[in-house]
Each structure stands twice: as structure tokens, then as C-alpha cells.
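All remarks here apply to the structure that follows.
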Amino acid sequence: MPSLKLRFNFSGFPHCCYCCSTPKIPSFTSFQSEANIKSTMDQLTSAARLMIVSDLDYTMVDHHDPKNLSLLRFNALWEANYRENSLLVFSTGRSPTLYKELRKEKPMLTPDITIMSVGTEITYGNSMLPDDGWEAFLNDKWDRKIVTEETEKFPELTLQSETEQRPHKVSFNVQKDKAQDIMKTLSKRLEERGLDVKIIYSGGMDLDILPQGAGKGQALVYLLKKLKSEGKLPNNTLACGDSGNDAELFTIPDVYGVMVANAQEELLQWHAANAKDNPKVIHATERCAAGIIQAIGHFNLGPSTSPRDVTDMSDCKMENFVPAYEIVKFYLFFEKWRRGEIENSDLYLSNLKAVCRPSGTFVHPSGVEKSLEECVNTLKKCHGDKKGKQYRIWVDQVLPTQVGSDSWLVSFKKWELCGKERQCCITTVLLSSKNVTVADGLTWIHVHQTWLQGVESASDSTTWFF
């Protein structure tokens, strides 16, 4: 039987100091909306520790992995170790419409910056505010009407759906054996009409026509310059991709790159011809998000062991209190508990009770208020209730704010997935380090949750725990 210490560490809770008093903090209700969850960009006052710029389909997201395990592993790693002082950028060929559809389908994190439509649109934060300066830059020598007129002369080109046609992107499908000849002829005709365009072929069928200054690589260059002007240039940047429209990302000086194991032939051929001697670009042996994690370790960019891969939390030696790590650990424990992947032992529950402040409270999204101790008691009846089901928990945008010399207010989105049903609440947790050691962890004092607007919520307080 595992030791009490191991059980305690796995739960992610510390020993509680009963004598500590609740610090004076802002109203919990001020944190209970998605709009009030600030992105890392809003909090950064200096250089970002790391910026990851990743393609989505078959890079961050593995569509051949129905359990989304590699994506969930990345999520836990990022939120526990990087979210607070680093930047996550999604760079996708998808339009805003298809990007939002993907977010509804997969357990994805919220990026700080989103680059969409093959580098023609840049947006920021939860509300996806557009970068007007980038849009103005792309207007130079670009006329969408002329592009449409010339492409209509090629019957081999089939327009993609209306959602994929954007102000600075015209997208088609074309057979692989005809793509190169069409690109050569079309490029010459558009140049003759005074346009300066870029034609990108990727995925064995997608042909995108963009302004010459657009593309994933140019968007990243623009972004790096902007961050530098604001004093937030990342210490390290890692670009991640799998297809031809990601190639530009690997040409930027001082940027690390990873082609995931499942990278397409077109990208591997480009790499062999242009970057095979570049030690900053690697071809991972792991697929998709697992390959990104592999690259973080390969280039020594920071921690590369996901909390999901740690079975004995007593092996985690932290030098300082890390509130985000505490949050991630607890919800991983909670997921394993409900999936029946850990023993149904009273020792777990007694440890949880011991480390929650006796007067600590939990405010359920429905408004029902309970003691933390009562919440722990309810865990007994839900052990293994999700066994054999596609049940997962992940946390998103875990951002701690120190509100006292020994206390933190941590806001985040907590997601639960069971089959195809997804639920989410905005969560705020008050943690204290008073009279506990780093090895012990942080004391949980108060938890407050509200349902995320626009997402289906549980009908009563008995089906949603913590």
C-alpha cells in the first residue's frame, strides 16, 4: 500500500494551518466571467519565458487520437508550468468559423494569440480582438477582385466553402498533379495585373492565394517585432507544424522548430532541401502534441514532463510555491478518482479533509454554498462513477494573482468532458502558504464557481463536484 505521504502528494493538497486567517482580497464575483480572465499578454511586464507557435490540425490536435491524450498531456504541462509567464499562439490555416468549430470539438486551451486563415488574420485574447495594423499592412498590392477574376479562368480550381474565403485569402481545392503548373501560370498573370501575391499549396489539395506579405511565417515575424517594441520579446520561441503552409515558420532566425513525427511529405521535402543542416529544426519521433513536448525537452526550453505522466507526485521537487501546479494536480487526481484509476481509500479523503481549512467554503455554480469538508465527503460516492467512459477534466488559463505575502487568488476555466457532453465553469480558488512548507504545498481556503456562458451546465448541484 502506498505511503500516506505519497497519497497526500498525489492529491495535490497541503497540510492545513487552522490558525491562518483569510487575507483581505478582492470580491470573488469580480473574477466570475470569461471577460475578466486576463490573458498572459495582459499580465506580462517583461520578456515572455517561452512562446509556442503551433499549427492545429495534425500538429497540436491529433485527429487520429479519439481520446485526445497527447493534447491533454500538453494542456497539463502548459497550465502547470508555463501559462503564467509564457505565450501560447495557435497558427492555423482555418478561418475563424472553422477554428471556433474545432474548439468545440476538442479539449483545446485558450491561446493568448490566434493567427488564422494562413497568417492573414491575427487576434488577441478571449475576445479575439483583431490586429488592425496587420490588416492595413496586407492591403499593399492586394486586390481580391482581381484574384477572383484570374482564378475563374482555371476550371481545375474548386473554391473552398464560403467560410474559408477571407478578406486577404482566396482558397481552392486542386488535384496534386496539377497544382504546380497552375501556381506558376497564375502567379505570372497576377503579377502582370499589378498584384504581389503568395500562392501556398498544402495538405495535398489546398491552394491558398494571399498577399505577398502574408503567411504564417510573416505573421510570426510581425508578432515578434511587436512584442519586442513592447518589451515582451520571448526568451525562446518554438514553432510547430506538419504541412507545407508551416514551412515559413522554420525560416525565421533564432526560432526553434519542430516538425511532428506525422509531418506530411511536402514539409519533409522542403526541410531536406532548405533546412536539413539547421540544428534548431528537428523532426520529432512523437506525433502531434507529444512531438511538441518532445521538442521542449530536446531544446531545453523548460519543464517537459507533463503532470499527466507523473504517477508518483512525491517525485515532484518544487523550489517555490507554484499555485498553478497545485490546481492542475488536484484536478488530475479528481479525474483519476472518478475514472476509478486510483484506489477507493479513506486515506485519500482524510488527507483532503486535513488540508482544507475547516471553515473553508465552496460556492457551487448553481449558487449553493457548502463547506469544503462536505465536498470532500461527497467524493466517496462518486469514486469510479465514470469508469469505462470517455471522461476527462482539464483546466485552462490558470492565472494566479498574489494578493498577500502568503496568499494567491487563482482564476481559471475548469472543463469536464463525458462522451460528447462538455461543461465548463469559471473557477476562483484562494490558496495560502501560511505555516506550510513548499514540500507540503498550499492550503485551500475558498473555491467559487460560475457557469461559463454559452456552455451547457449541469441541471443541479448533485452532478457537478468541485
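Worth pointing out:
- Listed by position, the strands (runs of 3 or more DSSP E) inside region 353-443 whose residues that are touching a Cys at 6+ places or on another chain (Cβ under 8 Å) number at least 1 are 356-363, 391-404, 407-418, 421-432.
- Residues that are of a type in the set (Lys, Arg) and at pLDDT 95 or above within region 252-285 comprise just one, Lys280.
- The residue pairs whose first member lies in region 59-77 and is farther than 16 Å from Glu105 by Cβ, whose second member is of a type in the set (A, V, I, L, M) and open to solvent by 60 Å² or more (accessible area, probe 1.4 Å), and whose beta carbons are closer than 6 Å, counting only pairs six or more residues apart or on different chains, do not exist in this structure.
- Within region 356-367, the only residue that satisfies the criterion of being open to solvent by 60 Å² or more (accessible area, probe 1.4 Å) and over 24 Å from Leu442 (Cβ atoms) is Ser366.
- Restricting attention to region 127-153, the residues being more than 22 Å from Lys225 (Cα to Cα) and buried (at least 17 other Cβ atoms within 10 Å of the Cβ) number 4.
- The lone criterion from (1) more than 30 Å from Thr437 (Cα to Cα); (2) out of contact with any Ser or Thr (no Cβ under 9 Å at 6 or more places or on another chain) left unmet by Gly241 is number (2).
- Filtered residues of region 115-126 (kept if open to solvent by less than 10 Å² (accessible area, probe 1.4 Å) and in contact with a helix residue (DSSP H, G or I) (Cβ under 7 Å, 6 or more places away or on another chain)): Ile115, Met116, Val118, Gly119, Thr120, Ile122
- Restricting Ile426, Ile445 to those that are touching a Gly at 6+ places or on another chain (Cβ under 6 Å), open to solvent by less than 20 Å² (accessible area, probe 1.4 Å) and of a type outside the set (Lys, Arg) reduces the list to Ile445.
- Residue list for region 167-192, filter: closer than 15 Å to Met116 by Cα and open to solvent by less than 10 Å² (accessible area, probe 1.4 Å): Lys169, Val170, Ser171
- Selected residue (criterion: farthest from the chain's Cα centre (by Cα)) from residues of region 73-106 that are open to solvent by 10 Å² or more (accessible area, probe 1.4 Å) and farther than 26 Å from Gly419 by Cα: Gly93
- When Leu195, Leu186, Leu157, Leu210 are screened for being aliphatic (A, V, I, L, M), out of contact with any strand residue (DSSP E or B) (no Cβ under 7 Å at 6 or more places or on another chain) and in contact (Cβ under 8 Å) with a residue 24 or more places away in the chain, only Leu195 passes.
- Conditions (1) without any contact (Cβ under 8 Å) to a residue 40 or more places away in the chain; (2) over 22 Å from the mean Cα position of the chain (by Cα): number failed by Gly257: (2)
- Checking each residue in region 117-143 for being more than 26 Å from Ser187 (Cα to Cα), in contact with a strand residue (DSSP E or B) (Cβ under 7 Å, 6 or more places away or on another chain) and not acidic (Asp, Glu) picks out Thr123, Tyr124, Met128, Leu129, Pro130.
- For region 360-374, the criterion of being touching a Lys or Arg at 6+ places or on another chain (Cβ under 9 Å) and among the polar types (S, T, N, Q) is met by at least one residue.
- Residue in region 289-306 that is nearest to the chain's Cα centre (by Cα), counting only those that are in a loop (DSSP other than H, G, I, E, B) and under 15 Å from Cys240 (Cα atoms): Leu301
- Every test in (1) closer than 17 Å to Ser91 by Cβ; (2) modelled with pLDDT of 95 or more; (3) not small (Gly, Ala, Ser) is passed by Ile209 save one, and that test is (1).
The values are calculated or read from the model by the stated rules, or taken from the named source; none is laboratory data. Keep in mind it's a predicted model, so treat the numbers as computed, not measured. Backbone-built Cβ (ideal geometry, glycine too); neighbour counts: all protein chains shown. What goes into the accessible areas is simple: the full protein's heavy atoms, side chains included, and nothing from ligands, DNA or RNA. Shrake-Rupley method; radii C 1.70, N 1.55, O 1.52, S 1.80 Å.
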